[in-house]
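Asks: Mind looking over this structure? Questions follow.
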Amino acid sequence: MANEKYFLRYSKIINRVKVGDYPSLSTLLDYLSESGFTIDKRTFNRDKIAIEDLFETEIIYSRARNGYYINTEDVNSLYSKKLQETLDLFSSIKIAGKNDELIDFDKRISIGTEHLNFILETIKNSLQLTFTHKKYQEDSSTNRTVEPYMLKESQGRWYLVAKDLKDKRIKTFALDRISSVAHNKNGTFKKPPTLDLKNYFKNSFGIINLNAPEEIIITVYGNNSSFIKSYPLHNSQKVVEENNESITFSLNLSIAPDFVMEIMKYTADLEVIKPIHLRNTIRKNYLKAIDRNS
């Protein structure tokens, strides 16, 4: 398909310019040609416009360096990063084809993405949404009518943030647990002006937003310390102290079961310094696990 070729070419251009060595036009055209994309200057300029329009990433020519670069703010924006991650993944899958020896995908596929476009359109048009919902721990299903506010990604899953019209409470619904999705064309709504969606999950580890944020201090030992440093548990994470054996981190977030489950993954390599109630919770969970496995 022609569109696939365009996206693959855009990915090549973006990633080559992101190297940061100010490649010239001839360098870029040669690089594209080696990758199977032979284009001229005119097509390259059209690609630049398309890349800026689609990914809000401007490829700029520097006369002083006689080459191209990408605005740092564009590259580092979350919007741009997510789009480029998707483009890179798409490009890699197309290159690998159906050869499962080149890419081994996680077998636990996050489903529910088929609802993303429909729900986004419903949110943008401020229409009520109806669907059938089935909780993880229950066999029965319930019919819901909601005011949809936002889509939220967390730990490989997608969630809908919405007001349940049955009890007027804001809830999160996993997209892989809903079906029979439809919108009510006669049911419009206005988002509450006091609802700050941008910061709604600011103090949450995932999708659970129950308690006030607390200062958390943890010390992580061994290789896991470097892993957590490079892939922070939360956007509030900071390094407090670092040595050859461990790294101590501080975080500020709402302590909920999803966060407790996450840090328990690191077992003997992690120590909770504060708060004491979190330390006690981790200890009780470990003792329960020892008792069940002894």
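The values are calculated or read from the model by the stated rules, or taken from the named source; none is laboratory data. The structure displayed is predicted, hence computed values, not measured ones. As a convention, Cβ positions derive from the backbone with ideal geometry for all residues, glycine included, and neighbour counts pool all protein chains shown.
Asks: Do you know which residues across segment 126-148 are free of Cβ contacts under 8 Å to residues at least 60 places away in the same chain and assigned to a loop (DSSP other than H, G, I, E, B)?
Replies: Of everything in segment 126-148, those that are free of Cβ contacts under 8 Å to residues at least 60 places away in the same chain and assigned to a loop (DSSP other than H, G, I, E, B) turn out to be 134, 135, 136, 137, 138, 139, 140, 141.
Asks: OK, next. Only one of 162, 182 is over 29 Å from residue 262 (Cα atoms), of a type in the set (A, V, I, L, M) and not in a helix (DSSP H, G or I); which?
Replies: From the options 162, 182, the qualifying one is 182.
Asks: Output the number of residues of segment 11-47 satisfying the condition of being within 16 Å of residue 69 (Cα to Cα), modelled with pLDDT under 90 and more than 29 Å from the chain's Cα centre (by Cα).
Replies: 0
Asks: Right, residue 256: closer than 19 Å to residue 201 by Cα, of a type in the set (Gly, Ala, Ser) and either free of Cβ contacts under 8 Å to residues at least 40 places away in the same chain or surrounded by 16 or more Cβ atoms within 10 Å (Cβ to Cβ) (or both) or not?
Replies: Spelling it out, residue 256 is indeed closer than 19 Å to residue 201 by Cα, of a type in the set (Gly, Ala, Ser) and either free of Cβ contacts under 8 Å to residues at least 40 places away in the same chain or surrounded by 16 or more Cβ atoms within 10 Å (Cβ to Cβ) (or both).
Asks: Criterion first (under 18 Å from residue 282 (Cα atoms) and at pLDDT 90 or above) does residue 216 satisfy it?
Replies: For residue 216, the condition - under 18 Å from residue 282 (Cα atoms) and at pLDDT 90 or above - is met.
Asks: I'm trying to understand the selection: among the residues of segment 135-148, which are under 25 Å from the mean Cα position of the chain (by Cα), surrounded by 12 or more Cβ atoms within 10 Å (Cβ to Cβ) and farther than 15 Å from residue 167 by Cα?
Replies: Hit for segment 135-148 is 135, nothing else.
Quick grid of which residues meet (1) among the aliphatic types (A, V, I, L, M); (2) at pLDDT below 90; (3) crowded, with 18+ Cβ neighbours inside 10 Å; (4) in contact with a Pro (Cβ under 8 Å, 6 or more places away or on another chain):
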site: 111; (1), (2), (3), (4): yes, yes, no, no
site: 122; (1), (2), (3), (4): no, no, yes, yes
site: 133; (1), (2), (3), (4): no, no, yes, no
site: 160; (1), (2), (3), (4): yes, no, yes, yes
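Asks: Turning to a different aspect of this structure: Could you please give the count of residues in segment 172-197 that are surrounded by fewer than 16 Cβ atoms within 10 Å (Cβ to Cβ), free of Cβ contacts under 8 Å to residues at least 40 places away in the same chain and in contact with a strand residue (DSSP E or B) (Cβ under 9 Å, 6 or more places away or on another chain)?
Replies: Selection size over segment 172-197: 2.
Asks: Taking segment 259-278 only, how many residues are more than 18 Å from residue 206 (Cα to Cα) and surrounded by fewer than 15 Cβ atoms within 10 Å (Cβ to Cβ)?
Replies: The total comes to 6.
Asks: Checking residue 45 against (1) touching a residue at least 24 places away in the same chain (Cβ under 8 Å); (2) assigned to a helix (DSSP H, G or I); (3) within 22 Å of residue 80 (Cβ to Cβ), which test does it fail?
Replies: All conditions pass for residue 45, except number (1).
Asks: Among 50, 96, 64, which is at pLDDT below 80 and either within 25 Å of the chain's Cα centre (by Cα) or not assigned by TED's automatic domain parsing to the domain that holds residue 152 (or both)?
Replies: Selected residue: 96, the only one of 50, 96, 64 that is at pLDDT below 80 and either within 25 Å of the chain's Cα centre (by Cα) or not assigned by TED's automatic domain parsing to the domain that holds residue 152 (or both).
Asks: Please specify each residue of segment 12-29 satisfying the condition of being touching a residue at least 24 places away in the same chain (Cβ under 8 Å) and either outside the structural domain of residue 63 (by TED's automatic domain parsing) or part of a helix (DSSP H, G or I) (or both).
Replies: 12, 13, 14, 15, 17, 25, 27, 28
Asks: May I ask you to verify whether residue 8 is within 30 Å of residue 198 (Cβ to Cβ), within 24 Å of the chain's Cα centre (by Cα), at pLDDT 75 or above and part of a helix (DSSP H, G or I)?
Replies: No: the conditions fail for residue 8.
Asks: For segment 70-93, which positions are over 19 Å from the mean Cα position of the chain (by Cα) and at pLDDT below 70?
Replies: Within segment 70-93, just 72 meets the criteria.
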